[in-house]
Structures are given as C-alpha cells and as structure tokens.
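Since the structure comes first, as structure tokens, the remarks are kept for the end.
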Amino acid sequence: MALPDWHSAWRAALYGPTGFFARGSRPADHFRTSPLVGPELAEAVVELLHRVDMALDRPNPLDFVDVGAGGGELAAQVFARSGRFGGRLRVRAVELTEPVVPAGVEWSSELPDQVTGLVIAHEWLDSLPCRVVQLHGQMVREVHVGADGTESLGDPVFSPWLDEWWPLSGEGQRAEIGSGRDAAWADLVSRVVAGAALAVDYGHFAGSRPFLGSLTGYRSGRQVPPVPDGTCDITAHVAFDSLAAVCPGELLTQREALAALGILGDQPAAGLAAADPLGWLAASARAGRVAELRDPAGLGGFHWLLCPRSAPISLVRA
C-alpha cells in the first residue's frame, strides 16, 4: 500500500478522529510558548487592542478572537483585562476542542464570520499542514510518510508558490509549500470587517530558508522527530515574506513589537531592593519574563505580521 503524502498524514495526525488535537492535547503540555511565560504578552495584546478600539471609535461590541487558542491561556488573560473596555469587549477562543476558560469567554471550533476588533493567530499557521517536497535528480518530488515516520519520494511536483518563494536547487533540499497557509491567512483577514488581524509565529524568509525545511515535532516538552502517529505536535515555520505579500502590513520581530507596545522589561533600580524587597522581587521576576519573551534566540525570534482593515492601526505608532 502506498504511503500517504505528508500533507494528508500531517492533517490526520493532528486533526483526525484520533489526532493530537482532537484528543484534547494542549500546547502547554508539550512546548513553551509566550502566553505561558506570564501576563506580559497579554498586556501587549491589550495595548494593541486599545489602539484598534480607538481607531474604530470604540465599537460595541469590540471583538477579540484568539484563533488556535490551545488551552485558552491568552484569551483568559485578555478577558481578565476587559475592564479597560468598559464592558464592550467580547472574547472568543477558537480551538478544535473546548479549552478551560473563564465564564464570559466564548468558545467555538469554527472561525467567526465577521470580526470588528482584533483577531490573533498565535502559533496557528505553523500547525496548518503543508505539502512537503524534496529535490531529487533535478526533479522536485512529493515526500510520502508512514505512521512510523518512514518516508519515500513520490510523483513530481509543479508549484508556482515553490518557484516564487522557495525554489530548490541542491540535491536533497526540502521545502514545505506554504500556499495553503497563505490562503488560510487571507481567509482569516477577510473576516475582519473593521480592525486588524495579527499573525504571530516562528518564520523564515527567502535567502535564509532551512535547507532541509523546518518540519519537526514536540512531545512532553521536548523536540522530537515529526512522526505522524498522533502522539506529538507537528509543526513547521511560516514563510512570512509570502504571507506578507498576500496581506501587506507591518512585519516585526516579537522583540520589536513588544518594545513598540511598551513591554520593555527594564531592570529595577538598585535601591529598590533595600526600600521595598517584595517590590524588587516582583520587578526582577517581570524583567526575567520579558527577557524570555524578547530573546532573539527563543520566543523573541517570533515574527508579528499586523494587517489593518478599514482603519490606520499600527504596532509602532500609538
């Protein structure tokens, strides 16, 4: 029996009836991500949401939609700060299975038809399955895979997206074709009637694509081979230059975006330790969390792509 292509195997392994997410697996159980570090990401998102609110002249309701919400951590943290919006904020977590979120946070397994406010796709695109291809003998071929991770090469692949964004030139070079992600992002952005859409993810750009692609797995806090048997998360980085061409907007690193939104993580003044020891400890802990979020070798290496709709909304201008 022929092995399935990676796109089909990846989709079944994550979203099939016995797949990783369908069984209720939460990202927090398997890898470190920004909403788990502390409240600072939510603070930045709420600041951006405030800018959206002002640009839209304070609509009622004001939407915040977290797509690929995982355990609902970010949605819950934003909801906890909803008082800033005077009872107008409507928070929705979009996830395949219902997360544990506070009463007042809506849950749906489907994307909303319309959004007036801010929709965020935080590490959503990297979990959308792609076709995986490899150059062999001057021909780009589909990569097939079994449930145990065994791979084989299939038919030749002809992809305009690949030609434009990730042309392969070396024997054995691999790529993940991102056209499906571009289409998913364009669809999500189109649902924003007024406001903005924000994609946050690991990514790469033309000229620095990984030679063997970026397909990998995570299980119980460790990076593991991407075996499509439903026991691990499977992910691949996002081609952000392609994504930005579909829906142009501001493209920053997380480090730059957090600074633009006022999350700086300055170390507490030296004298605070003697004057207010508990305050010094709290300020030091916050500085450590912000440093983790801004570390360019870690979470600070995320990219933020903000696409405004119908109003001038910016990360770098308050």
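The values are calculated or read from the model by the stated rules, or taken from the named source; none is laboratory data. Nothing here was measured: the structure is a model prediction, and the numbers come from that model. Quick reminder, even Gly has a Cβ in these numbers, built from the backbone with ideal geometry, and neighbours come from all protein chains shown.
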### Any chance Asp182 is within 26 Å of Arg90 (Cα to Cα), modelled with pLDDT of 95 or more and not in a strand (DSSP E or B)
no
### Query
Got a sec? Which of Pro210, Pro308 is surrounded by 13 or more Cβ atoms within 10 Å (Cβ to Cβ), of a type outside the set (A, V, I, L, M) and more than 30 Å from Ser8 (Cβ to Cβ)?
Pro308
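Checking the conditions here, which among Gly279, Gly262 is in a helix (DSSP H, G or I), at pLDDT below 95 and out of contact with any Ser or Thr (no Cβ under 8 Å at 6 or more places or on another chain)?
Being in a helix (DSSP H, G or I), at pLDDT below 95 and out of contact with any Ser or Thr (no Cβ under 8 Å at 6 or more places or on another chain) holds for just one of Gly279, Gly262, which is Gly279.
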### Task
Among residues belonging to the range 234-254 that are farther than 19 Å from Ile313 by Cα and either in contact with a Pro (Cβ under 6 Å, 6 or more places away or on another chain) or among the acidic types (Asp, Glu) (or both), point out the one that is surrounded by the fewest Cβ atoms within 10 Å (Cβ to Cβ).
Asp241
### Query
Among all residue pairs at least 6 apart or on different chains, which show Cβ distances below 8 Å where the first residue, located in the range 56-74, is within 22 Å of Trp185 (Cβ to Cβ) and at pLDDT 90 or above and the second is in a strand (DSSP E or B) and among the hydroxyl-bearing types (Ser, Thr, Tyr)?
Leu56/Thr116; Asp63/Thr116
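Are any of the residues in the range 56-63 assigned to a strand (DSSP E or B), crowded, with 19+ Cβ neighbours inside 10 Å and of a type in the set (Asp, Glu)? Reasoning before the result, please.
Our first condition is that a residue be assigned to a strand (DSSP E or B); within the range 56-63, this holds for 62-63.
If we keep only those that are crowded, with 19+ Cβ neighbours inside 10 Å as well, we get 62-63.
If we keep only those that are of a type in the set (Asp, Glu) too, we end up with 63.
Within the range 56-63 (the criterion being assigned to a strand (DSSP E or B), crowded, with 19+ Cβ neighbours inside 10 Å and of a type in the set (Asp, Glu)), the answer is yes, since at least one residue qualifies.
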### Task
Go through the residues of the range 97-115 one by one and say whether even a single one is buried (at least 22 other Cβ atoms within 10 Å of the Cβ), at pLDDT below 95 and either outside any loop (DSSP other than H, G, I, E, B) or of a type in the set (Asp, Glu) (or both).
no
### Task
Identify all residues within the range 116-142 that are part of a strand (DSSP E or B) and more than 15 Å from Phe158 (Cβ to Cβ); write none if there are none.
Thr116, Gly117, Leu118, Val119, Ile120, Ala121, His122, Val132
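Is it the case that Gly262 is within 30 Å of Gln114 (Cβ to Cβ), in contact with a helix residue (DSSP H, G or I) (Cβ under 7 Å, 6 or more places away or on another chain) and touching a residue at least 60 places away in the same chain (Cβ under 8 Å)?
yes
Do you know which of the residues in the range 115-141 that are of a type in the set (D, E, K, R) and out of contact with any helix residue (DSSP H, G or I) (no Cβ under 8 Å at 6 or more places or on another chain) is farthest from Leu62 (Cα to Cα)? So that I can check it myself, show each step before the final result.
Of the range 115-141, the ones of a type in the set (D, E, K, R) are 123, 126, 131, 141.
This time we only want the ones that are out of contact with any helix residue (DSSP H, G or I) (no Cβ under 8 Å at 6 or more places or on another chain), so: 126, 141.
Working: Asp126: 27, Arg141: 47 Å.
The qualifying residue farthest from Leu62 (Cα to Cα) is Arg141.
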